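Student: Below you will find the structure I want to go over with you.
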Amino acid sequence: MSNLIVLGAQWGDEGKGKIVDLFSEKFDVVARYQGGHNAGHTVQVDDKKFVLKLIPSGVLHPGKQVVIGNGVVVDPQALLDEIDMLERAGLEVRGQIAVSNRAHVIFPFHRMVEKVSEGRTDRTAIGTTSRGIGPCYEDKIGRRGIRMADLLNPEVFDTLYNYLSEDKEITARAFGIENDLRVEEIRQHYRQMAERIRPLVCDTAYLLNQAMRDGKRVLFEGAQGTMLDIDHGTYPFVTSSSAAAGGACTGTGVAPTRIDGILGVSKAYITRVGAGPFPSEDPGEDGDRIRKAGNEFGSVTGRPRRCGWFDVPLLRYTAMVNGFDSLIVTKLDVLDGLKEIKVCTAYRVSGKQTMDMPAENGLMEEIEPVYEVLPGWPKAPTTGITRYDALPKEARDYVTFLEERTGVEVGCVSTGPERMQTMVRAGSKMEKLLK
Ligand code: GDP
Ligand code: IMO
Ligand code: MG
């Protein structure tokens with residue numbers, strides 16, 4: 001019985017939602033371990049498209065248990081809106097969702113703090129999703145946050161809310177914000193939402209560990225991507241949580257010894273939303289072409305995603321910090337039509353060639369990508385192909401090239417946004433882990 005982690009190997013939007021939705025069929029429980037409603041996981045089922053922000057992508061399978069773990073930050077309004085959206089689509093998901101009583105709660109003033117910090121003209125903005133994610137995690141680490149368990153206890157909530165809102169008023173005044181923070185109105189609103197959420201909240205660490213003792217299989221769904229991880233990403237241009245595989249354990253209360261496999265999701269190229277270094281970015285015609293063909297616009301903010309070529313040193317780095325057993329390469333079809341495909345196979349930093357990811361942001365910005373050029377498959381579209389041997393030879397050679405250079409097996413290839421436009425390769429480690 002394998003419990004697996006599926007997470008992003010790049011800067012997010014790799015297609016995790018589609019893959020988790022597809023693989024969910026083989027698991028009993030799907031658990032999110034970090035992030036919040038900054039995530040946008042698109043799942044396309046027949047002609048219906050869902051963008052899940054907070055609720056794990058397994059929820060679209062009726063009856064499947066999904067867990068929002070302690071490592072996630074929850075905006076109760078966003079959670080209720082997402083439940084409403086799914087219920088309007090005819091999915092009675094309420095009975096499927098468990099929310100950790102240790103998950104921290106996002107308040108409107110977290111967005112206010114983020115706006116202040118992103119709006120400072122004397123500092124570099126991160127280009128966040130403006131959902132209050134970072135400031136909520138700041139309060140968590142600062143040991144002044146409010147958890148789901150606290151929200152559900154009226155007396156505890158009142159006391160902690162007094163402390164937290166007082167701090168935020170001080171911050172607002174320090175930055176010259178004179179608007180009313182609507183502290184009492186928000187208190188009442190959160191009290192009401194608490195009652196709607198109460199039936200979903202429990203100690204999900206016990207729930208998950210009991211499920212595993214009962215022989216059930218758990219799939220852990222990462223949000224964002226490893227290069228946005230607070231420790232391992234391109235700091236400070238990162239999100240504020242542990243998106244890498246280690247976060248799956250701290251973010252759910254499941255021991256590392258219970259994890260049987262780690263699967264990385266990577267596009268056949270690479271994208272990034274928001275600011276920060278991006279060595280293989282193509283700001284020219286090819287980048288534009290990829291953006292159009294791949295519909296590379298943010299699913300949360302609608303921002304155009306920056307596009308570029310597959311980055312081997314980056315993938316080797318994320319494979320190292322996560323210990324990928326196998327890779328899922330998505331959006332291979334987006335490269336259809338290109339005569340030539342570039343791959344960044346090494347970095348040149350301060351005149352020296354390297355395969356290592358520098359820690360210093362300045363050095364990241366300095367990277368000159370070293371490219372190798374591979375033949376494309378301009379006349380043989382791959383869209384919707386579901387058999388590996390039916391892919392054009394050049395596309396298979398491209399996949400083999402990625403495997404050889406990254407040192408990780410490509411166990412699954414995706415050729416379109418729909419569930420079934422996917423292939424798991426026969427005889428791969430991925431196939432064994434999914435059995
Ligand atoms: P996530 O955040 O990792 O779940 O990814 P997003 O949902 O933000 O972005 C991935 C986008 O690519 C979504 O619009 C998906 O429907 C789409 N997608 C996923 N896999 C494929 C694929 O293989 N081919 C194409 N053309 N689109 C895909
Ligand atoms: P999914 O799960 C891509 C980026 C933001 C910004 C940085 C910090 O769909 O892959 P934040 O609001 O988290 O404090 O913003 O992280 N970012 C994402 N980029 N996909 C995501 O999620 C992202 N979530 C956050 O654009 O650069
Ligand atoms: Mg996304």
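Student: Within the stretch 353-374, identify whether any single residue is assigned to a helix (DSSP H, G or I), more than 16 Å from ligand 1 (Cβ to nearest atom) and among the aliphatic types (A, V, I, L, M), and answer yes or no.
Tutor: yes
Student: Within the bounds of the stretch 102-115, is there any residue that is in contact with a helix residue (DSSP H, G or I) (Cβ under 8 Å, 6 or more places away or on another chain), surrounded by fewer than 18 Cβ atoms within 10 Å (Cβ to Cβ) and at positive phi?
Tutor: no
Student: Quick check on Ala293: is it assigned by TED's automatic domain parsing to the domain that holds Gly411, hydrophobic (A, V, I, L, M, F, W, C), farther than 30 Å from Ala103 by Cα and away from ligand 1 (no atom under 16 Å from the Cβ)?
Tutor: So Ala293 does not fit the description; no.
Student: A further question follows. Mind listing whichever residues of the stretch 27-42 are surrounded by fewer than 24 Cβ atoms within 10 Å (Cβ to Cβ) and within 12 Å of ligand 1 (Cβ to nearest atom)?
Tutor: Passing the criteria: Gly40, Thr42.
Student: Follow-up question, since we're still on this one. Which count do you get for residues in the stretch 56-90 that are in contact with a Gly (Cβ under 9 Å, 6 or more places away or on another chain) and not in a helix (DSSP H, G or I)?
Tutor: 11
Student: Check Ser100, Ser24 and return the single one that is polar (S, T, N, Q), modelled with pLDDT of 95 or more and within 16 Å of ligand 1 (Cβ to nearest atom).
Tutor: Answer to the check: Ser24.
Student: To continue, here is another question. Which of (1) under 25 Å from Gln96 (Cβ atoms); (2) within 16 Å of ligand 1 (Cβ to nearest atom); (3) out of contact with any Gly (no Cβ under 6 Å at 6 or more places or on another chain) does Leu207 not meet, given it meets every other one?
Tutor: Here Leu207 clears every test but (2).
Student: Oh, and also: Any chance you could count how many residues in the stretch 10-35 are part of a strand (DSSP E or B) and either within 8 Å of the chain's Cα centre (by Cα) or closer than 21 Å to Asp229 by Cβ (or both)?
Tutor: 4
Student: Give the residues of the stretch 288-333 that are closer than 20 Å to Leu7 by Cβ and part of a strand (DSSP E or B), sorted by residue number.
Tutor: Residues satisfying the conditions are Phe310, Asp311, Ser326, Leu327, Ile328, Val329, Thr330.
Conditions tested, residue by residue: (1) within 15 Å of ligand 1 (Cβ to nearest atom); (2) among the acidic types (Asp, Glu).
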{"position": "Thr226", "(1), (2)": "yes, no"}
{"position": "Ile259", "(1), (2)": "no, no"}
{"position": "Val273", "(1), (2)": "yes, no"}
{"position": "Asp282", "(1), (2)": "no, yes"}
{"position": "Glu285", "(1), (2)": "no, yes"}
{"position": "Gly308", "(1), (2)": "no, no"}
{"position": "Val329", "(1), (2)": "yes, no"}
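Student: Give all pairs with beta carbons closer than 8 Å in which a residue from the stretch 348-366 that is in contact (Cβ under 8 Å) with a residue 24 or more places away in the chain and more than 19 Å from Gly276 (Cβ to Cβ) meets a residue that is among the aliphatic types (A, V, I, L, M) and outside any loop (DSSP other than H, G, I, E, B); count only pairs at least 6 apart in sequence or on separate chains.
Tutor: Short answer, once both residue conditions are applied: Thr354/Ala346; Met355/Val312; Met355/Ala346.
Student: Here's something else I'd like to know. For the stretch 228-250, how many residues are in a loop (DSSP other than H, G, I, E, B) and either touching a strand residue (DSSP E or B) at 6+ places or on another chain (Cβ under 7 Å) or hydrophobic (A, V, I, L, M, F, W, C) (or both)?
Tutor: Residues flagged as in a loop (DSSP other than H, G, I, E, B) and either touching a strand residue (DSSP E or B) at 6+ places or on another chain (Cβ under 7 Å) or hydrophobic (A, V, I, L, M, F, W, C) (or both) within the stretch 228-250 amount to 8.
Student: Output the residues belonging to the stretch 94-145 that are among the charged types (D, E, K, R) and within 16 Å of Leu164 (Cα to Cα).
Tutor: Passing the criteria: Arg111, Glu114, Glu138, Asp139, Lys140, Arg143, Arg144.
The values are calculated or read from the model by the stated rules, or taken from the named source; none is laboratory data. Quantities reported herein were computed from a predicted structural model and do not represent experimental measurements. A quick note on method: Cβ atoms are made from the backbone with ideal geometry, for glycine too, and the neighbour counts reach across all protein chains shown.
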